[in-house]
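Before any comments, here is the structure.
Just so it is clear, none of the values below were taken in a lab; they were calculated from the coordinates. From a predicted model like this one, the values you see are computed outputs, not experimental measurements. Every residue, glycine among them, receives a Cβ derived from its backbone with ideal geometry; neighbour counts consider all protein chains shown.
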DNA sequence: CTAACCATGACGGACTCT
DNA sequence: AGAGTCCGTCATGGTTAG
């Protein structure tokens with residue numbers, strides 16, 4: 001899962017030719033979870049002009065895994081390595097965790113960051129088991145503890161003590177500025193961050209745009225969330241003249257607005273629901289601003305994701321079916 | 001008082017790759 | 001055939017806003 005190319009890598013970059021229909025303008029960039037049935041990705045691909053998905057695990061870019069598929073019509077030659085290299089291992093990201101990290105925990109990177117937080121009962125259980133065990137613990141105990149650490153993405157914060165990541169640590173690993181989501185409830189921060197882009201990964205893909213738009217770009221941002229795409233563009237130094245952002249969550253809208261007001265000089269127009277962005281409205285936007293240069297977004301994965309035990313209904317699920325709004329709007 | 005909000009804990013299985 | 005992974009949901013009880 002190495003995508004079409006990797007930064008600073010000996011991996012031979014892939015060459016591809018886009019289907020005629022997929023060639024821009026505008027450029028488009030679509031994202032979703034990679035680990036959903038192949039037939040789902042076949043459907044997505046079919047709706048997006050048959051463009052082959054780029055499957056990339058962010059563990060090749062940063063310190064945490066994030067297996068995602070990206071369908072886009074961006075050039076893939078001459079992607080530039082990031083000016084600011086993100087940490088690629090747990091210890092590079094959090095040197096202070098060395099202190100309590102047992103030698104038998106061989107993890108160098110973290111698993112996928114999600115929205116959920118494990119119960120404190122679990123960390124208590126691990127501490128209890130390890131306190132009662134020999135030092136070092138038997139293989140059996142090690143395997144037991146490691147399975148839980150991997151499953152819940154736990155880190156070592158004290159003697160025999162593990163803990164879940166703090167929201168600001170997730171912000172850091174995902175490539176957001178510190179305190180990007182601060183000011184909303186803790187639970188909400190976990191939710192918003194768990195649902196977001198890995199910014200460095202998106203930055204790498206979008207880096208080909210940097211020299212193409214010296215006067216800035218107009219962006220149509222669908223399912224914006226906390227603005228991973230916008231942060232990536234900003235980091236590339238690409239001026240956003242106008243961003244029309246579609247995002248239903250009040251909290252996420254507030255987070256984006258506050259970041260925008262602090263860092264941007266362009267105009268941000270926020271719309272709550274993709275379904276209210278009718279064809280007529282799109283036409284009038286295009287007329288008034290002179291067209292969009294980039295359409296970017298990842299549609300809801302709720303009904304595709306492996307974590308969902310209740311309604312893993314695929315693309316036709318209640319939330320994930322909003323995907324179909326993406327090709328409609330793009331067309 | 002009521003409704004909305006918030007934190008917490010409990011809860012398997014489908015899927016891919018080797 | 002086996003191992004490892006996963007942008008999650010729901011009910012409950014407490015808290016806060018109006």
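A compact table of results
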| quantity | calculated |
| --- | --- |
| Inter-label distance for residue A:321 and residue A:147, nm, one decimal - labels placed 7 Å from Cα along Cα-to-Cβ | 3.8 nm |
| Principal-axis tilt of helix A:250-263 within chain A, Cα atoms, nearest 10 degrees | 80 degrees |
| Chain A: angle of helix A:38-47 to the longest principal axis, Cα-based, in degrees nearest 10 | 20 degrees |
| Pair residue A:77, residue A:11: separation of 7 Å Cα→Cβ label points (nm) | 2.0 nm |
| Calculated [θ] (222 nm, deg cm²/dmol) that DSSP helices of n ≥ 4 give over chain A, each run adding -39,500 (n - 2.57) | -9000 deg cm²/dmol |
| Ordering of A:218-229, A:317-328 by packing [mean C-beta count within 10 Å, highest first] | A:218-229, A:317-328 |
| Extension reserve of the residue A:257-residue A:98 stretch, reckoned as 0.36 nm per residue once the Cα distance is removed | 53.5 nm |
| Nearest 10 degrees, 0 to 90: helix A:120-132 Cα axis against chain A principal axis | 30 degrees |
| Residue of A:305, A:133, A:22 that the Gaussian network model of chain A assigns the largest fluctuation, springs spanning Cα pairs under 10 Å | A:133 |
| Two-site FRET efficiency, residue A:159 against residue A:111, from Cβ-Cβ distance with R₀ of 30 Å, rounded to 0.05 | 0.80 |
| Span from the the stretch A:270-327 Cα centroid across to the the stretch A:194-250 one, whole angstrom | 16 Å |
| Where only alpha carbons of chain A are counted, the Rg and the Dmax (Å) | 20.8, 71 |
| Global geometry of the stretch A:192-253, whether rounded, prolate or oblate, following the gyration tensor of its Cα atoms and the 1.5 cut on a/c | oblate |
| Stokes-Einstein D in µm²/s, Kirkwood radius over Cα pairs - the stretch A:283-331 at 4 °C with 1.567 mPa s viscosity | 104 µm²/s |
